[in-house]
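The values are calculated or read from the model by the stated rules, or taken from the named source; none is laboratory data. If you're wondering where the values come from, they're calculated on a predicted model, not measured in any experiment. Cβ: placed from backbone, ideal geometry, glycine included. Neighbour counts: every protein chain shown. SASA here: full protein model, heavy atoms, side chains in, ligands and nucleic acids out. Shrake-Rupley method; radii C 1.70, N 1.55, O 1.52, S 1.80 Å.
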Amino acid sequence: MITQMMQLMGEMLLLMLTGLLIRRIGIVTNEGRKCLTDLILYVILPCNIVRAFINEADSVAGIGSALGQVLLIAVLIQVLCTVMGYVCYRRMNDGEKQVYQYATVCSNAGFMGNPLTEAVFGDLGLLYASIYLIPQRIVMWTAGVSYFNRDSDRKGLVKKVLVHPCMIAVYIGMLLMLTRIPLPGFMDKTVTALSSCTTAMTMVYIGTILSDVDWKTMVTGKQIYFALLRLIVIPLIVWLPCLFLHVDPLITGVSVFLAAMPAGSTTSLLAAKYGADEDSAAKCVVFTTALSVVTLPLWGALTLGMAG
């Protein structure tokens, strides 16, 4: 697990350094970064969402009562994170509050979670992880987007969220997952090709933001506060009730492990798109990802011991 984690961290680091370099030497300008944001949000991420639901169609088929347990836990975790988002950041300014609220409900479980869960818990753990991620994918493009898109017109806000390209991708993905209708071959290959760009494009984009960040302010009280919530408090709150209720150890382990993932990389994209605090967004992604090199192996060892 540690070897695979270090490889993932190294990949993310090199991709971010690539973005930082091309920004510093002028290949990507301010206008270019805006175009990059739109490309990722409106083309690449929707394809990634559709691809993820298609992949999960095989996973959710015929796994019985465990499916319901994992889904229920995942939904309750999203409720918990949503409540924490409203309660824990009241004293912050609007730009920072939007960033931390979104980063609380949206972890990086989609990118880091699946390969690491498979490494720790095996094939069945990966199966549970794919189910666990369904509620997060829905919440991140509904309640998550609403944190940034603060329209005074409630009806207008709901409409904007519901017709967001990533939400449309959720509708299409869920339909394909539930009906198991295959995409035509050429369309499936196109969606897959664009989806495979997600990690690289997102990390490169974060690197372009980091080129303008004052590194002396990377570690602040607010960043430490958020990191404690994201990496320690949330998984602990998930773990204790599961122990008390005697939930299946493997389901508990997977749920706790995924709840301990760092801030989602889409935090930076949405912060830039909707004019929130881009610096804080990039920092919280980088800072929690760096700390997770220490915290995730600890949670993995603890939960694996229970499941084993």
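Observations
- Taking region 187-257 as the region of interest, the helices (runs of 4 or more DSSP H) fully inside it that hold 1 or more residues being touching a strand residue (DSSP E or B) at 6+ places or on another chain (Cβ under 9 Å) and within 19 Å of V105 (Cβ to Cβ) are 221-228, 234-244.
- Residue match in region 68-88 (condition: at pLDDT 90 or above and part of a loop (DSSP other than H, G, I, E, B)): yes
- Residue that is nearest to A52 (Cα to Cα) [pool: residues in region 172-185 that are open to solvent by less than 100 Å² (accessible area, probe 1.4 Å) and in a helix (DSSP H, G or I)]: G173
- Within region 134-147, considering residues that are surrounded by fewer than 22 Cβ atoms within 10 Å (Cβ to Cβ) and either among the small types (G, A, S) or modelled with pLDDT of 80 or more (or both), the one farthest from R51 (Cα to Cα): S146
- Every residue from region 165-191 that is under 25 Å from G144 (Cα atoms), in contact (Cβ under 8 Å) with a residue 60 or more places away in the chain and not hydrophobic (A, V, I, L, M, F, W, C): P165, G173
- Residue count, region 194-206 (criterion: more than 12 Å from P46 (Cα to Cα) and surrounded by fewer than 17 Cβ atoms within 10 Å (Cβ to Cβ)): 1
- Index of the failed condition, L8 passing every other in (1) at positive phi; (2) at pLDDT below 85; (3) open to solvent by less than 80 Å² (accessible area, probe 1.4 Å): (1)
- Under the condition of being under 18 Å from G85 (Cβ atoms) and open to solvent by less than 10 Å² (accessible area, probe 1.4 Å), the residues counted in region 270-306 number 6.
- So T117, is it modelled with pLDDT of 90 or more, in contact with a helix residue (DSSP H, G or I) (Cβ under 6 Å, 6 or more places away or on another chain) and polar (S, T, N, Q): no
- Selection of region 12-48 for residues being within 30 Å of T295 (Cα to Cα) and either among the small types (G, A, S) or open to solvent by 80 Å² or more (accessible area, probe 1.4 Å) (or both) yields L13, L14, L17, G19, L21.
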